[in-house]
């Protein structure tokens, strides 16, 4: 996937920024896939550092999108990449991404809204399959609650919200 395909400007700063975000995103996904395929485990500190770096990168990408610094055409490909991996870490990244971009792009007037909405249906269906990970269940539930409540800032107002 190339984010630069949808690059809207000619400013070098934006281009460099998009390329760096793309490289970091793809490297993080590759690390996740390689670790899952090889069954290799990193030291807990290294694993935590990678996790924090990836969450920061995906939230940063979401912020660039919400501030219109990157074209919204990349939203669906990013979501598809995260869903394709289907690991617990990629689902958590997806939830962080959706939480960041949801308030702006969960709008029926946005041209990609139909596909965007289908992701939430998929997350709802996936929630029952996440029985082995209460942490992941809570994260998915939180995203679904935020959407249900119209994306209020912060956490879902109803702590006991069950979708």
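Regarding residue 125, is this residue exposed (fewer than 14 other Cβ atoms within 10 Å of the Cβ), more than 20 Å from residue 19 (Cβ to Cβ) and at pLDDT 85 or above?
On the way: exposed (fewer than 14 other Cβ atoms within 10 Å of the Cβ): yes; more than 20 Å from residue 19 (Cβ to Cβ): yes; at pLDDT 85 or above: no.
No, not satisfied.
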Exercise for review: Report, by residue number, each residue of segment 86-105 that is surrounded by 18 or more Cβ atoms within 10 Å (Cβ to Cβ) and under 18 Å from residue 50 (Cα atoms).
Suggested key: 89, 90, 91, 92, 93, 94, 95, 96, 97
Point to revise | Yes/no for residue 74 being touching a residue at least 60 places away in the same chain (Cβ under 8 Å) and either under 17 Å from residue 32 (Cβ atoms) or crowded, with 18+ Cβ neighbours inside 10 Å (or both) | key: yes
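Here's a check for you: in segment 101-116, which residue that is over 17 Å from residue 73 (Cβ atoms) and assigned to a helix (DSSP H, G or I) is farthest from the chain's Cα centre (by Cα)?
Of all residues in segment 101-116, those over 17 Å from residue 73 (Cβ atoms) come to 102-103, 108.
Adding the requirement that they be assigned to a helix (DSSP H, G or I) leaves 102-103.
Working: 102: 10, 103: 14 Å.
Looking at residues that are over 17 Å from residue 73 (Cβ atoms) and assigned to a helix (DSSP H, G or I), I get 103.
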Exercise for review: Check whether at least one residue in segment 105-116 is under 15 Å from residue 25 (Cβ atoms) and in contact with a helix residue (DSSP H, G or I) (Cβ under 6 Å, 6 or more places away or on another chain), and report yes or no.
Suggested key: no
**Study point:** Residue that is modelled with pLDDT of 90 or more and farther than 15 Å from residue 21 by Cα, where the choices are 108, 134, 152
**Key:** 108
Practice item. Scan segment 12-45 for residues that are more than 22 Å from residue 77 (Cβ to Cβ) and either modelled with pLDDT of 80 or more or part of a loop (DSSP other than H, G, I, E, B) (or both) and jot them down. Key: 39, 40, 41, 42, 43, 45
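The values are calculated or read from the model by the stated rules, or taken from the named source; none is laboratory data. For clarity, every value in this text was computed on a predicted model and none was experimentally measured. Cβ: placed from backbone, ideal geometry, glycine included. Neighbour counts: every protein chain shown.
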